[in-house]
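Have a look at the structure below before the remarks.
The values are calculated or read from the model by the stated rules, or taken from the named source; none is laboratory data. Here the structure is a predicted model, which means the values were calculated and not measured. Ligands, DNA and RNA are excluded from the accessible area calculation, which covers all protein heavy atoms including side chains. Shrake-Rupley method; radii C 1.70, N 1.55, O 1.52, S 1.80 Å.
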Amino acid sequence: FSLTASDLVTEARKKIGLHETEEPVEAAAVVSGLVTLNAMLKAWQTGGVSLTHRTEGSFALVASDVDYVFGSGGSFTTVPLDIEDVRLTRSSVDRVMTEISRQEYYAIPVKTTTGGPTQWFYDRQRSGGTMYVWPAPDSTGGTIKFTYTRKIWDMDANADDLDLPQEWYEGVIYGLADRFAEEYGLISTPLGQRIAQKAAASLQEIKEFDVGEGMGSLRILPAYGHGRYASRR
């Protein structure tokens with residue numbers, strides 16, 4: 001069971017009576033709906049709905065290099081939305097590194113000191129990112145392994161599948177319907193109020209499902225601008 005981008009827009013419009021079931025949605029309405037859909041999903045991620053998009057990454061350290069670029073041509077081609085934890089692997093042994101803030105990193109007086117890196121700082125920008133490590137790697141090198149949250153894939157074509165579990169479909173539809181109700185001036189009507197209540201309840205159910213028993217709490221992610229997740233894989 002799956003729903004495409006146009007399916008989601010169509011179902012959301014049905015909820016607030018914007019068209020009859022047997023009538024196709026106009027192309028312009030679908031295009032506008034996709035913009036709203038993508039904006040909503042990005043906003044949800046910044047609010048912490050991201051557990052299903054956590055994955056692992058790694059890259060090799062280079063002696064004396066303190067900064068590692070994320071993005072095309074960089075040390076790691078995907079730009080993480082957020083990095084949760086970082087480990088240094090040497091001689092098949094993983095050691096957890098300590099995250100530090102931008103201020104703490106730039107306060108380090110000698111950033112070129114070499115050794116086994118113990119601290120890291122991730123500088124996330126709109127279209128890329130850079131991880132800084134300290135001390136700078138010595139000739140032993142090693143591998144950085146990290147857990148990160150990737151961005152939800154953009155839905156920019158009618159036939160795109162939703163990059164979310166099936167259990168989220170209803171919440172996405174009602175979330176869209178709530179935004180459409182506001183756009184069309186229906187938010188204060190009895191129907192609009194019922195949709196808003198259902199949308200809020202569905203989003204809460206999604207957040208509870210996203211955590212899962214024994215899986216830890218959700219992190220609140222920083223609200224950065226987003227770019228295209230190029231590979232869609």
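Accessible surface area normalised per residue over the stretch 1-125 is 50 Å², counting heavy atoms of protein chains with a 1.4 Å rolling probe. Here the stretch 78-138 exposes an accessible surface that is 48 percent carbon and sulfur, computed with a 1.4 Å probe and the other protein chains kept in place. Annotation: extensible slack from LEU191 through PHE209 equals 3.8 nm (criterion: 0.36 nm per residue apart, minus Cα-Cα distance).
Counting only heavy atoms of the protein chains and using a 1.4 Å probe, SER91 has close to 110 Å² of accessible surface.
Each residue of the stretch 92-107 was assigned a 3J(HN,Hα) from its phi angle through the Karplus curve 6.51 cos²θ - 1.76 cosθ + 1.60 (θ = phi - 60°); the sequence is 6, 10, 8, 10, 5, 9, 9, 6, 10, 7, 4, 4, 5, 5, 6, 7 Hz, with glycine and proline shown as x. In this structure, the pairs whose alpha-carbon distance is over 24 Å, taken from LYS14/LYS198; LYS15/LYS207; LYS151/LYS198; LYS151/LYS207; LYS14/LYS151; LYS15/LYS151, are LYS151/LYS198; LYS14/LYS151; LYS15/LYS151.
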